[in-house]
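Worksheet: the structure to be examined is printed underneath.
The values are calculated or read from the model by the stated rules, or taken from the named source; none is laboratory data. This is a predicted model, so every value here is computed, not measured. As a convention, Cβ positions derive from the backbone with ideal geometry for all residues, glycine included, and neighbour counts pool all protein chains shown. The accessibility values were calculated without ligands, DNA or RNA, using every heavy atom of the protein model including side chains. Shrake-Rupley method; radii C 1.70, N 1.55, O 1.52, S 1.80 Å.
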Amino acid sequence: MNEATPRFRKVLTLLGQLNYTWTNTESLLIHLIAGLARVDMETATIIFLTLNTSRARVDLVERLAKTSRTDEAVCRDVLGVTRRMMSEAKLRNKYNHCIYSFDDTGENVSTLLMRISDSGDRLKYGKVDAIDDAEIDNITGSINRLIETNRDIWAIAKRYGFPL
């Protein structure tokens, strides 16, 4: 296959958009860290960059939100966006930790999950999933939900006077 087919290009574009949207939304956690920890943006950025996984960054934000000095409304709003964000993490992680397989036409795209499942006396690995029209809709939906979460994080930062 010398040239990408329209379907192959569509899948690659969607996966790039999913990663961009995730990363852009995750970076907004810096504003939540700054506001909840009551630090400046430089300090919040250093804290954010020191934590090297999305899960660790979200855990920090959620723990800061749950402290006794955080107003209940702020806590509720922050936990709402972090939980929505993390509900999209499974799909994002799937597509960042797999190998892609295409038939010779480039129209039939699949993922080969690079994870071992140890179940009793057997190992399972290499689960194959097709990226069909339903999965393309699922990816598109995740992107749209992340965009909405992104907007909600901005709104929270503005509403509660967090550093912008």
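A few notes on this one:
- Full extension of the chain between V39 and K66 gives 8.0 nm of extra length, using 0.36 nm per residue less the Cα-Cα distance.
- D (Stokes-Einstein, µm²/s), Kirkwood Cα radius, segment 72-156, 1.567 mPa s at 4 °C: 85 µm²/s
- Cα-Cα over 25 Å, subset of K10/K90; K10/K158; K10/K124; K90/K124: K10/K158; K10/K124
- Under-5 Å amide H pairs with K127, H placed in peptide plane, nonlocal only: L113, R115
- Spin-label pair A134/K10, simplified geometry with 7 Å Cα→Cβ offset, distance in nm: 1.7 nm
- Between R122 and K90, the modelled labels are 2.2 nm apart [label points 7 Å from Cα along Cα→Cβ].
- A Förster distance of 45 Å, applied to the separation of the beta-carbon atoms of D104 and N24, puts the FRET efficiency at 0.80.
- GNM top mover of A44, A73, A89 - the chain, alpha-carbon springs below 10 Å: A73
- Dipole check for the chain: with +1 at the C-beta of Lys and Arg, -1 at the C-beta of Asp and Glu, and the Cα centre as origin, the magnitude is about 600 Debye.
- Measuring how big segment 29-69 is from its alpha-carbon positions, Rg and Dmax come out at 9.3, 26 Å.
- Estimated inter-spin distance, R115 and R83, nm [label 7 Å along Cα→Cβ]: 2.2 nm
- Accessible-area value, V128, 1.4 Å probe, nucleic acids and ligands omitted, Å²: 90 Å²
- For the chain, built as a Gaussian network whose Cα springs stay under 10 Å, the top-fluctuating residue of L51, L28, L123: L123
- Size of the chain as Cα extents on the principal axes (Å, biggest first): 57, 43, 26
- Order by protection proxy (mean Cβ within 10 Å, highest first), peptides 116-122, 59-65: 59-65, 116-122
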